[in-house]
Amino acid sequence: MKNPMRNFFQRVLWDKNMDKGSLRVKFISRGVSGELDEFTGEQIREVTRDGVVIVVDGKDKFIPFHRITEITYKNGKIVFSKQGAFYDFKV
């Protein structure tokens with residue numbers, strides 16, 4: 001079964017033409033006040049079957065795909081919105 005979000009993050013990880021610093025990913029984080037946190041494409045270290053591994057303060061942190069709420073790229077273009085039931089991973 002294809003997973004468009006996984007494929008997108010694989011592209012972010014390996015495509016040299018993507019501006020990783022322009023990618024912003026909001027996700028539900030139980031360790032943060034307000035429960036929402038954010039990471040950039042530059043923090044992605046690995047893409048797994050079920051999520052992404054990011055580096056935060058020198059440590060790996062696993063973020064499952066189902067906890068990602070929004071992805072924006074270059075100038076705030078929405079690539080994925082869980083609330084809006086929208087995704088357009090063609091960037």
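The values are calculated or read from the model by the stated rules, or taken from the named source; none is laboratory data. All values derive from a computational prediction rather than experimental measurement. All Cβ positions, even for glycine, are placed from backbone atoms using ideal geometry, and neighbour counts span all protein chains on display. Heavy atoms of the whole protein, side chains included, go into the accessibility calculation; ligands, DNA and RNA do not. Shrake-Rupley method; radii C 1.70, N 1.55, O 1.52, S 1.80 Å.
Descriptive notes on the structure:
- Links that overshoot a 20 Å alpha carbon limit, given the list K2/K77; K16/K90; K20/K61; K16/K82; K2/K26; K16/K74: K2/K77; K16/K82; K2/K26
- Take every Cα pair under 8 Å whose residues are at least 6 apart in sequence, average their separation, divide by the length of region 1-81, and the relative contact order is 28 percent.
- Solvent-accessible area assigned to carbon and sulfur over the chain amounts to 50 percent, based on a 1.4 Å probe.
- At the listed q of 0.26, 0.27, 0.28 Å⁻¹, the Debye profile of region 1-59, built from one uniform point per Cα, gives log10 I(q)/I(0) equal to -1.20, -1.24, -1.28.
- Neighbour net charge for S22 - beta-carbon separation under 11 angstrom, K R +1, D E -1: +2
- Cross-link reach list, aspartates and glutamates versus K59, counting only Cα pairs under 17 Å and skipping chain neighbours closer than eight places: D37, E38, E42, E46
- Within the shell of other residues whose beta carbon sits under 14 angstrom from the beta carbon of L36, the net charge comes to +1, with Lys and Arg scored +1 and Asp and Glu -1.
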